[in-house]
Amino acid sequence: MATLGGLRDSPAAQNSADVEGLARFAVDEHNKKENKLLEFAKVVKAQEQVVAGTMHHLTIEAIDAGKRKIYEAKIWEKPWMNFKELQEFKHAGDVPAFTTADLGVKKDGHKPGWQAVPTHDPQVQDAANHAVKNIQERSNSLFPYELHEIVDAKAEVIDDSAKFDLLLKVKRGEREEKFKVEVHKTDQGSFHLNRMELDHS
């Protein structure tokens, strides 16, 4: 058992219905008090403190005018009295539009630069599809290019933007070709094809 006043990780899973309910309550109360239109996204972290009842300390991700932001909330709850009150709600930082975590990229802090990334990652798939669309637009082929396989994928993350170095196997009718492409993802989330070349290996 937690000692009185000690802060501990909430035994309930962070995405449990109870914790999510408290987080949505916190966002709604904040919206009412401050006349805001925050939209609840998810609970990042949940801790609780035993007081006269329970003080829930939640780290919440919410969307404010299209931007993801992190908020710290304190909710005091006495379930036996059906009492729930938002004690504190404050902005704790912005969520970057793109992070290494999105890619599953492991950085050791000493070796920034290109890192191998899973070819099945949604970000990698989006970058590959963008590249194939561009290859098609630049080609005069009557046959559409189709993405057959992402053979290899590397990524380099710089702040909120990223570069993808991909080796793609594409099909054009019966023909199969390999392209090396470099796709840049901006901090706004749009893709640009920086480089493409046929791979003859």
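The values are calculated or read from the model by the stated rules, or taken from the named source; none is laboratory data. What you see is a predicted model, and the numbers here were worked out from it, not measured in a lab. With ideal geometry, Cβ positions are generated from the backbone for all residues, glycine too; neighbour counts draw on all protein chains shown. In case anyone asks, the SASA skips ligands and DNA or RNA and just uses the protein heavy atoms, side chains included. Shrake-Rupley method; radii C 1.70, N 1.55, O 1.52, S 1.80 Å.
Considering Ile63, Ile75, which residue is modelled with pLDDT under 90 and in a strand (DSSP E or B)?
Working: Ile75 fails: modelled with pLDDT under 90.
Just one listed residue meets the conditions, Ile63.
Output the residues belonging to the range 165-192 that are among the hydrophobic types (A, V, I, L, M, F, W, C) and either more than 25 Å from the chain's Cα centre (by Cα) or open to solvent by less than 20 Å² (accessible area, probe 1.4 Å) (or both). Break it down into steps so the answer makes sense when it comes.
Here is the first cut: in the range 165-192, the ones among the hydrophobic types (A, V, I, L, M, F, W, C) are 166-168, 170, 179, 181, 183, 191.
Of everything in the range 165-192, those that are among the hydrophobic types (A, V, I, L, M, F, W, C) and either more than 25 Å from the chain's Cα centre (by Cα) or open to solvent by less than 20 Å² (accessible area, probe 1.4 Å) (or both) turn out to be Leu166, Leu168, Val170, Phe179, Val181, Val183.
Taking the range 1-39 on its own, how many of its residues are open to solvent by less than 30 Å² (accessible area, probe 1.4 Å) and either at pLDDT 90 or above or in a helix (DSSP H, G or I) (or both)?
Result for the range 1-39: 8.
Please specify each residue of the range 31-68 satisfying the condition of being within 18 Å of Ser16 (Cβ to Cβ), acidic (Asp, Glu) and without any contact (Cβ under 8 Å) to a residue 40 or more places away in the chain.
If the condition is that a residue be within 18 Å of Ser16 (Cβ to Cβ), acidic (Asp, Glu) and without any contact (Cβ under 8 Å) to a residue 40 or more places away in the chain, then Glu61 is the only one that fits.
Can Ala131 be described as in contact with a Lys or Arg (Cβ under 7 Å, 6 or more places away or on another chain), surrounded by 14 or more Cβ atoms within 10 Å (Cβ to Cβ), outside any loop (DSSP other than H, G, I, E, B) and assigned by the TED database to the domain that holds His120?
Working: in contact with a Lys or Arg (Cβ under 7 Å, 6 or more places away or on another chain): no; surrounded by 14 or more Cβ atoms within 10 Å (Cβ to Cβ): yes; outside any loop (DSSP other than H, G, I, E, B): yes; assigned by the TED database to the domain that holds His120: yes.
Judged against the criteria, Ala131 is not a match.
For the range 118-128, name all the residues that are closer than 17 Å to Met196 by Cα and either assigned to a loop (DSSP other than H, G, I, E, B) or among the hydrophobic types (A, V, I, L, M, F, W, C) (or both). Even if it seems obvious, please write down each step before you answer.
Initial filter on the range 118-128 (closer than 17 Å to Met196 by Cα): 124-128.
Residues satisfying the conditions are Val124, Ala127, Ala128.
Test Glu149 against the stated conditions and say whether it is farther than 30 Å from Asn31 by Cα, open to solvent by less than 60 Å² (accessible area, probe 1.4 Å) and either at pLDDT 85 or above or not aliphatic (A, V, I, L, M) (or both). It would help to see each step written out before you state the result.
On the way: farther than 30 Å from Asn31 by Cα: yes; open to solvent by less than 60 Å² (accessible area, probe 1.4 Å): no; either at pLDDT 85 or above or not aliphatic (A, V, I, L, M) (or both): yes.
Against the criterion (farther than 30 Å from Asn31 by Cα, open to solvent by less than 60 Å² (accessible area, probe 1.4 Å) and either at pLDDT 85 or above or not aliphatic (A, V, I, L, M) (or both)), Glu149 does not qualify.
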